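Notes for the one structure printed next.
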Amino acid sequence: MNILVVGAGGREHAIVRQLLKSKKTDKIFCTPGNGGISCDAQCFDVAATDIAGVVSLTQQLKPDMVFVAMDDPLVAGMVDELNKAGFRAFGPDKKAAAIEGSKVFSKNLMKKYGIPTAGYEVFSDPDAALSYIRSQNSYPAVIKADGLALGKGVIIAEDEQMAEAAIKTIMLDKAFGDSGNNVVVEEFLTGPEVSVLAFCDGKTVKPMVSSMDHKRALDGDKGLNTGGMGTVSPNPFYSDEMAARCMDEIFLPTVRAMAAEGRPFKGCLYFGLMLTKKGPRVIEYNCRFGDPEAQVVLPRLKTDFVDILNAVIDEKLDEIDIEWYDDSCVCVIAASGGYPSAYRKGVEITGLDEKGQLDGATIFHAGTKLTDGKFYTNGGRVLGVTTLGRDLEDALDKAYALIEKISFDGMQYRHDIGRKKIIY
Ligand code: AMP
Ligand code: GLY
């Protein structure tokens with residue numbers, strides 16, 4: 001099979017690599033891809049958000065499948081348009097992608113179907129939102145823009161002043177455009193966070209191995225929220241018992257709820273969970289593989305990836321057994337100095353071989369450019385140094401030894417991925 005992957009980050013690199021391991025794949029294309037992906041797949045320069053452009057590229061390449069990996073094109077209906085043009089695509093259609101595209105939709109879905117989540121209220125009027133927050137007088141207050149906001153739409157306000165600023169940024173200044181027309185104000189929860197990605201074909205749900213992201217920029221969970229500074233799989237806080245409970249209380253009810261709403265979810269559904277003292281709660285749903293969760297989950301997949309993707313598209317997920325390697329996997333992100341605030345691009349990266357790799361690790365490229373045989377930074381998150389080990393400690397030792405060999409001016413990374421000693 002020839003497969004076109006739509007997207008440009010470390011997640012897409014991990015997807016491309018996993019597709020290349022399949023016995024079923026012939027050629028892999030990626031648009032727009034990046035420096036590292038271009039060593040593994042033929043890249044094109046159509047933006048991942050350009051639906052008409054991707055449809056026309058697909059008509060030109062005639063791949064057997066298109067894998068839409070990113071949230072924006074999924075929420076905007078790229079899979080619907082690809083299907084209309086007669087192509088097979090992996091990823092939810094527009095109606096199902098609303099589970100990530102609108103927090104108001106997903107919160108109301110959870111309420112209607114009794115799926116455990118943080119208590120909440122929805123507001124379209126900034127004054128009403130603020131007087132509610134003031135009347136609750138309970139901080140931190142969690143304020144979320146309804147729509148997509150590049151991972152920046154969640155503000156944890158420590159006091160009234162911060163809450164006022166958050167409402168102003170989201171609803172009045174429209175920092176995230178129409179995504180801020182409505183806000184969700186939510187109860188603040190505590191507990192370890194777990195990411196569970198699951199294959200879904202509209203009826204059947206098969207969770208993948210668990211993982212844990214590290215969202216804050218700096219060691220000790222300090223600094224600003226980022227797209228994710230590193231991941232480990234499995235998540236040390238997620239027991240088999242908890243997995244069984246999440247299946248009954250969250251995964252199956254969600255897939256059934258989406259089907260009952262006439263929005264069967266086909267693709268990868270991401271459950272962002274918090275394990276609170278009162279039980280597991282859904283913090284967020286995403287309609288796609290997480291980034292950098294995909295980078296630690298996919299390398300542990302034993303079953304042929306393409307067989308699973310076909311089973312999802314053909315609604316035959318119940319007919320396939322999905323197997324995983326027992327190894328642990330770790331991904332440490334090397335980011336540009338200053339990220340997630342302002343940072344430079346075009347800085348030369350040293351320490352990688354001609355294919356952008358390093359012996360002993362898999363280097364998933366997130367924001368790189370390849371020019372005249374040299375790799376340059378081209379984004380906030382630059383590389384994901386990914387290693388497998390017999391346990392998390394072993395994988396972490398390898399990743400941290402190898403990341404030292406890579407350098408670029410301003411490079412920053414967290415030193416405590418997978419080493420959080422959390423007491424809840
Ligand atoms: P999101 O962009 O929805 O993943 O949210 C970003 C981060 O904000 C999450 O990973 C959590 O750490 C935090 N967060 C979101 N909702 C809540 C909540 N209700 N209580 C506590 N933390 C939250
Ligand atoms: N790592 C979080 C996300 O992909 O949304």
Checklist (1) crowded, with 21+ Cβ neighbours inside 10 Å; (2) more than 27 Å from V66 (Cβ to Cβ) applied to P236, failing item: (1)
Residue in segment 295-316 that is buried (at least 22 other Cβ atoms within 10 Å of the Cβ), part of a loop (DSSP other than H, G, I, E, B) and touching a strand residue (DSSP E or B) at 6+ places or on another chain (Cβ under 6 Å) present: no
Selection count where residues are out of contact with any Ser or Thr (no Cβ under 7 Å at 6 or more places or on another chain), in contact (Cβ under 8 Å) with a residue 12 or more places away in the chain and not in a helix (DSSP H, G or I), scope segment 230-251: 3
Residues located in segment 130-145, provided they are within 25 Å of V75 (Cα to Cα) and either more than 28 Å from the chain's Cα centre (by Cα) or within 16 Å of ligand 2 (Cβ to nearest atom) (or both): K144, A145
Yes/no for F67 being assigned to a strand (DSSP E or B) and either of a type outside the set (V, I, T) or within 18 Å of T368 (Cβ to Cβ) (or both): yes
Segment 7-27 residues that are touching a residue at least 24 places away in the same chain (Cβ under 8 Å) and at positive phi, paired with ones that are in a loop (DSSP other than H, G, I, E, B) and hydrophobic (A, V, I, L, M, F, W, C) (beta carbon under 8 Å, 6 or more apart): G7/A48; G7/A69; G7/M70
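With the requirement that a residue be aromatic (F, W, Y) and within 11 Å of ligand 1 (Cβ to nearest atom), what does segment 177-215 give you?
Correct list: F188 only.
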Odd one out for G223, checked against (1) surrounded by 19 or more Cβ atoms within 10 Å (Cβ to Cβ); (2) part of a strand (DSSP E or B); (3) modelled with pLDDT under 95: (1)
Pairs where the first residue, in segment 407-424, is modelled with pLDDT under 95 and the second is part of a loop (DSSP other than H, G, I, E, B), C-beta under 7 Å, 6+ apart: I422/P192; Y424/T190; Y424/G191; Y424/P192
Test result for I320, over 15 Å from N34 (Cβ atoms) and β-branched (V, I, T): yes
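Residues are listed down the side, and each one gets a yes or a no for (1) acidic (D, E); (2) under 27 Å from I308 (Cα atoms); (3) surrounded by fewer than 21 Cβ atoms within 10 Å (Cβ to Cβ):
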{"site": "Q42", "(1), (2), (3)": "no, yes, yes"}
{"site": "D71", "(1), (2), (3)": "yes, yes, no"}
{"site": "R88", "(1), (2), (3)": "no, yes, yes"}
{"site": "K94", "(1), (2), (3)": "no, yes, yes"}
{"site": "S102", "(1), (2), (3)": "no, no, yes"}
Residue that is farthest from R134 (Cα to Cα) [pool: residues in segment 169-206 that are outside any loop (DSSP other than H, G, I, E, B) and within 16 Å of ligand 2 (Cβ to nearest atom)]: A198
A166 vs. criteria crowded, with 23+ Cβ neighbours inside 10 Å, within 16 Å of ligand 1 (Cβ to nearest atom) and more than 18 Å from N286 (Cα to Cα): yes
All positions within segment 258-311 that are farther than 28 Å from F364 by Cα, within 13 Å of ligand 1 (Cβ to nearest atom) and of a type in the set (A, V, I, L, M): L275, V282
Top-ranked residue of segment 251-304 - restricted to ones that are more than 20 Å from the chain's Cα centre (by Cα) and basic (K, R), ranked as nearest to Y325 (Cα to Cα): K302
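Does L4 qualify as being surrounded by fewer than 24 Cβ atoms within 10 Å (Cβ to Cβ), more than 16 Å from ligand 2 (Cβ to nearest atom) and either outside any helix (DSSP H, G or I) or over 21 Å from the mean Cα position of the chain (by Cα) (or both)?
Considered against the rule, which asks whether it is surrounded by fewer than 24 Cβ atoms within 10 Å (Cβ to Cβ), more than 16 Å from ligand 2 (Cβ to nearest atom) and either outside any helix (DSSP H, G or I) or over 21 Å from the mean Cα position of the chain (by Cα) (or both), L4 comes out as no.
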Residue match in segment 281-300 (condition: touching a Pro at 6+ places or on another chain (Cβ under 9 Å), free of Cβ contacts under 8 Å to residues at least 40 places away in the same chain and more than 16 Å from ligand 2 (Cβ to nearest atom)): no
Hits in segment 63-87 (condition: among the aliphatic types (A, V, I, L, M) and within 16 Å of ligand 2 (Cβ to nearest atom)): V68, A69, M70, L74, V75
Filter result (in contact (Cβ under 8 Å) with a residue 24 or more places away in the chain and surrounded by 13 or more Cβ atoms within 10 Å (Cβ to Cβ)) within segment 52-67: V54, V55, L57, T58, L61, P63, D64, M65, V66, F67
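If you go through segment 126-141 one residue at a time, do you hit one that is acidic (D, E) and surrounded by 21 or more Cβ atoms within 10 Å (Cβ to Cβ)? Before the answer, list the steps.
To start, the set of residues in segment 126-141 that are acidic (D, E) comprises 127.
Among the residues that remain, those that are also surrounded by 21 or more Cβ atoms within 10 Å (Cβ to Cβ) are: none.
Among the residues of segment 126-141, not one is acidic (D, E) and surrounded by 21 or more Cβ atoms within 10 Å (Cβ to Cβ), which makes the answer no.
For E81, indicate whether it is farther than 22 Å from K203 by Cα and either surrounded by fewer than 24 Cβ atoms within 10 Å (Cβ to Cβ) or free of Cβ contacts under 8 Å to residues at least 40 places away in the same chain (or both).
So E81 passes the test.
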In segment 70-100, the residues that are within 13 Å of G267 (Cβ to Cβ), assigned to a helix (DSSP H, G or I) and acidic (D, E): D71, D80, E100
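The values are calculated or read from the model by the stated rules, or taken from the named source; none is laboratory data. None of these values were measured; they are calculated from a predicted model. FYI the Cβ positions are ideal-geometry reconstructions off the backbone, even for glycines, and counts take in every protein chain you see.
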